[in-house]
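Everything on this sheet refers to the single structure shown next.
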Number of protein chains: 2
Amino acid sequence: MTKTRTPAPQTRGPSDHEVRNQIVEAATEFFGHYGYEKTTVSDLAKAIGFSKAYIYKFFDSKQAIGEVICSNRLSTIRLAIDEAVAGAPSASEQLRRMFKTLVEAGSQLFFQDRKLYDIATTSAGEAWPSARGYEEHVKSVIVQIVRDGRETGEFERKTPLDETAGAIYLVMRPYINPLLLQHNLEHAAEAAAQLSSLILRSLTP
Amino acid sequence: MTKTRTPAPQTRGPSDHEVRNQIVEAATEFFGHYGYEKTTVSDLAKAIGFSKAYIYKFFDSKQAIGEVICSNRLSTIRLAIDEAVAGAPSASEQLRRMFKTLVEAGSQLFFQDRKLYDIATTSAGEAWPSARGYEEHVKSVIVQIVRDGRETGEFERKTPLDETAGAIYLVMRPYINPLLLQHNLEHAAEAAAQLSSLILRSLTP
């Protein structure tokens, strides 16, 4: 499996991009089965039949692989949030659906891919770029919803926008951050509904 | 150190109550130094110079000792909350002070008695009676504050009292439950202030 950088795409086998994808796919399955924290790149290499050195040609570290897995999953959740918000008839409903979708996505990861949840907690605990990017996206969606609701007269406008959006994010954070969500899963859906109502009461003009 | 149950208080040394206190005091110091999770009653017995059997005469298990330590600490926090609320000039201010006191008490335990925080997380994770009792107390204080604010016309009265108080508790919970608080300590004081403002906006008549 010698690789050179000379451009001979037809003869040199799969592209770098394809190999990376192949490794990420195999690693997702591997970590999903054996967990992320307690396994090493050697374990992974052995399991997927690549040499450790070969994997290190494509990824600097285990975290670099974890980052891609995390980032893929978070992209899916971001899409789900954006879709939920886009289909809502009012800013209030946008907020409710956003919160509901967040809780559902997190709970699903926890209950269906328990071992991958490992990566999620690590990424949150160590503030990986993917986790920080996700947080920023959620915050920007909140700002947009509040702005929309203010424009239509649905929400009050006295409180500074930053303060309102920041506080709403804080209410949602225990259901967004996987380190916190794992202790909040019982009744999480009900909690999201109750908290949405409280937030909406706080936004009454 | 033979003990009998025959009533001869003058000659048999310290009362049961005194011995229990003595064990709890020594255990608080011991767990505060070596942690709760990874130590055993044998370790404790050795360290404080009692036999393990003697300790088991007074406490059924390590958890039974932990429960008393936990319960003592929670009584102190309950007192601090009650005092903070009692001195406030309005229901809004009661709510702000209560939340502030909760965060301060939790942060203090975490930063000053890091090893005892162990017991707090265990008690919350396993829902010990002391932890449940504390939760109930906090909830009842919230109900009382909301009721007071409704009576004076400070707060809205449309939402069912249970729903309002329940949702406020959910907002505060990540700063009350030590399992959650440990991931929320950064900016916890600021968060409590922002969340208090959001809650108060939600209570506007």
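Every read-out reported here was derived from the displayed coordinates using simple, explicitly stated rules and does not represent laboratory data. Here the structure is a predicted model, which is why all the values come from computation and not from measurement. Because the Cβ atoms are built from the backbone with ideal geometry, glycine has one as well, and the counts that use them run over all protein chains shown.
Just check the protein assembly as shown against the gyration tensor rule for me: Cα atoms, a ≥ b ≥ c as the square roots of the eigenvalues, rounded for a/c under 1.5, and otherwise prolate or oblate depending on whether a/b exceeds b/c. It is oblate, given that a/c is not under 1.5 and a/b is not larger than b/c.
What pairs from A:K115/B:K38; B:K38/B:K115; A:K38/A:K115; A:K115/B:K62 go past 21 Å between their alpha carbons?
Long pairs (Cα-Cα over 21 Å): A:K115/B:K38; A:K115/B:K62.
Put a plus charge on the Cβ of each Lys and Arg, a minus charge on the Cβ of each Asp and Glu, and nothing anywhere else: the dipole of the stretch A:101-205 about its Cα centre is then about 140 debye. For A:D16 and A:E83, a Förster radius of 30 Å and the Cβ-Cβ distance give a FRET efficiency of 0.40, rounded to the nearest 0.05.
Once you have the alpha carbon radius of gyration of the stretch A:161-205, what is it after dividing by 2.2 N^0.38 Å, with N set to its residue count?
1.21
When the Cα positions of A:N177, A:S15, B:A124 are compared along the charge dipole of the protein assembly as shown, A:S15 comes out farthest toward the positive end, with charges on each C-beta of Lys, Arg, Asp and Glu.
The Cα atoms of the stretch A:16-63 cover 27, 19, 17 Å along the three principal axes, with the biggest extent listed first.
Springs join every pair of Cα atoms under 10 Å in this Gaussian network model of chain B, and among B:E136, B:E83, B:E18 the largest mean-square fluctuation is at B:E18.
Partner lysines whose Cα lies under 29 Å from the Cα of A:K158, excluding those fewer than 8 positions away in the same chain, are identified as A:K100, A:K139, B:K100, B:K158. Relative to the longest principal axis of the Cα atoms of chain B, helix B:91-112 runs at roughly 40 degrees.
Scalar couplings 3J(HN,Hα) for the stretch A:20-37, obtained by applying the Karplus form with A = 6.51, B = -1.76, C = 1.60 to θ = phi - 60°, are 4, 4, 4, 5, 4, 4, 5, 5, 4, 5, 4, 5, x, 9, 9, x, 9, 4 Hz; x denotes Gly and Pro. Taking a ≥ b ≥ c as the square roots of the eigenvalues of the Cα gyration tensor, the stretch A:93-144 is oblate, since a/c reaches 1.5 or more and a/b is not larger than b/c. With the gyration tensor restricted to C-alpha atoms of chain A, the semi-axes of the equivalent ellipsoid amount to 40, 19, 13 Å, longest first.
Here the protein assembly as shown is treated with +1 on each Lys and Arg Cβ and -1 on each Asp and Glu Cβ, and its dipole about the Cα centre works out to around 800 debye. Here the Gaussian network model covers chain B, with springs between Cα atoms less than 10 Å apart; of B:Q94, B:Q22, B:Q182, B:Q22 fluctuates the most. With unit charges on the beta carbons (Lys and Arg positive, Asp and Glu negative) and the dipole taken about the Cα centre of the protein assembly as shown, which residue among A:F50, B:G66, B:A84 sits farthest to the positive side? The Cα lying farthest towards the positive end belongs to A:F50. Annotation for the stretch B:63-82 versus the stretch A:140-180: alpha-carbon center distance of 36 Å.
What you get for the stretch A:16-63, charging only the Cβ of Lys and Arg (+1) and of Asp and Glu (-1), is a dipole of about 200 debye around the Cα centre.
Shape of the stretch A:131-205 from its Cα gyration tensor (a ≥ b ≥ c, root eigenvalues): rounded if a/c is under 1.5, otherwise prolate when a/b > b/c, or oblate? Oblate is the answer for the stretch A:131-205, as a/c is 1.5 or above yet b/c matches or exceeds a/b.
Between the Cα long axis of helix B:62-86 and the first principal axis of chain B there is an angle of about 30°, rounded to the nearest 10.
As an equivalent ellipsoid, the stretch B:44-162 spans semi-axes of 37, 15, 11 angstrom, where each value is the square root of five times an eigenvalue of the C-alpha gyration tensor, largest first. Just want to confirm a number: the relative contact order over chain A, from Cα pairs under 8 angstrom separated by 6+ residues, in percent. So the answer I get is 21 percent.
Calculate for chain A the 222 nm mean residue ellipticity that helices alone would give, adding -39,500 (n - 2.57) per DSSP H run of length 4 or more and normalising by residue count, nearest 500 deg cm²/dmol.
Result for chain A, helices only: -24000 deg cm²/dmol.
Under a no-solvent Debye model with one identical scatterer per Cα of the stretch A:63-116, what's log10 I(q)/I(0) at q = 0.16, 0.17 Å⁻¹? Here log10 of I(q) over I(0) equals -0.53, -0.58.
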